[in-house]
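Just below is one structure, and these are the notes that go with it.
The values are calculated or read from the model by the stated rules, or taken from the named source; none is laboratory data. What you see is a predicted model, and the numbers here were worked out from it, not measured in a lab. Please note: Cβ atoms are built from the backbone with ideal geometry, for glycine as well, and neighbour counts cover all protein chains shown. Ligands, DNA and RNA are excluded from the accessible area calculation, which covers all protein heavy atoms including side chains. Shrake-Rupley method; radii C 1.70, N 1.55, O 1.52, S 1.80 Å.
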Amino acid sequence: EAPAARVGRLVRESPVVIFARRGCCMAHVMRRLLAAVGAHATVIELGGGAEEEALAAAEGGGGGGVPALFVGGDPVGGLEGLMRLHLSGRLVPRLRELGALCA
């Protein structure tokens, strides 16, 4: 599967997806925050190169690199984007709307 097709498929198949490099501490913090509000994120470890280029394209060309979060197929950005969404009070309602909250 081509990297662009893989990224697109993963974003469509999971309501909450984090793309990150192996051992990324910011991705760990993102996962912990999402878990704290009751959501499970699918974490995809990137191999670099073509996969990261495909991710940048999926983010709309202005890719902020990795880690990168997609919620409901929409690019949120990295840790700062997640924090901005959470602190604005829009994260939990969006996750609820997607059916992405556990219990």
Problem set entry | Criterion: in contact with a strand residue (DSSP E or B) (Cβ under 7 Å, 6 or more places away or on another chain), open to solvent by less than 40 Å² (accessible area, probe 1.4 Å) and not hydrophobic (A, V, I, L, M, F, W, C) - qualifying residue of 65, 38 | 38
Seminar exercise, completed: By residue number, the members of region 15-39 that are within 11 Å of the chain's Cα centre (by Cα) and more than 11 Å from residue 69 (Cβ to Cβ) are 15
For this session: Specify which of the listed residues (13, 45, 59) is modelled with pLDDT under 95, of a type in the set (Asp, Glu) and touching a Pro at 6+ places or on another chain (Cβ under 9 Å).
Result: 59
For this session: Report yes if some residue within region 44-58 is surrounded by fewer than 19 Cβ atoms within 10 Å (Cβ to Cβ), within 12 Å of the chain's Cα centre (by Cα), in contact (Cβ under 8 Å) with a residue 24 or more places away in the chain and part of a strand (DSSP E or B); otherwise report no.
Result: yes
